[in-house]
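Heads up: the structure comes next, in structure tokens.
The values are calculated or read from the model by the stated rules, or taken from the named source; none is laboratory data. All values reported here derive from a predicted model rather than from experimental measurement. Every residue, glycine as well, gets a Cβ built from its backbone with ideal geometry; the counts of neighbours run over all protein chains shown.
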Amino acid sequence: MISTNLQMLRKINKYTQEEVAEKINVSRQAVAKWENGDSLPDIDNCIALAKLYDVTLDNLVNDGEESVAPIIPPKGKHVFGTVTVGERGQIVIPKKARDIFQFNPGDSLMILGDEVLGGIAILKTELFLRNIEPLMDAIHCPAKNEGEVKNE
């Protein structure tokens, strides 16, 4: 519900109701009513709130997944929910994630891990290779200037 989202976003961003009101040019009472569910912000105020909190309008106004505390990610970031690891380690990537990142049957995916943070990331192998190519070139090919320095 939008009231819960507004309360949570304000607290995450460490704003008071007064500060939110000042930033979007409304009264503190209006912010309090929105957070209490007594009234709803109009579309212009929803847009201002989404910009203030750097979230999409959709995430601002819609309920999160069926969870105790909804997670509202910043624009361009996503929380797709949870998956269960099968007996042989397989997971099913949620449809929304497959659609957004254009993962199709037969695609080769790179799995990256971070032991410190305890997480993994998945991306298309071609994207990974394209991004790491300049680093690999630098490692395997001597710099052009290196040869010039040695000849002098």
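Return yes when ALA50 is out of contact with any strand residue (DSSP E or B) (no Cβ under 8 Å at 6 or more places or on another chain), surrounded by 15 or more Cβ atoms within 10 Å (Cβ to Cβ), in a helix (DSSP H, G or I) and at pLDDT 95 or above and no when it is not.
no
Taking every residue in the range 12-26 that is under 18 Å from ASP42 (Cβ atoms) and pairing it with any residue that is part of a loop (DSSP other than H, G, I, E, B), at least 6 positions away or on another chain, the pairs with Cβ-Cβ distances below 9 Å are VAL20/ASN13; VAL20/VAL26; ALA21/SER27; LYS23/TYR15; ILE24/PRO41; VAL26/PRO41.
Would you check which residues across the range 63-80 are at pLDDT below 60 and either over 17 Å from ALA97 (Cβ atoms) or surrounded by 11 or more Cβ atoms within 10 Å (Cβ to Cβ) (or both) and list them? Passing the criteria: GLY64, GLU66, SER67, VAL68, ALA69, PRO70.
Among the residues of the range 110-133, are any under 30 Å from ILE2 (Cβ atoms), modelled with pLDDT of 80 or more and assigned to a loop (DSSP other than H, G, I, E, B)? The answer is no, given that none of the residues of the range 110-133 is under 30 Å from ILE2 (Cβ atoms), modelled with pLDDT of 80 or more and assigned to a loop (DSSP other than H, G, I, E, B).
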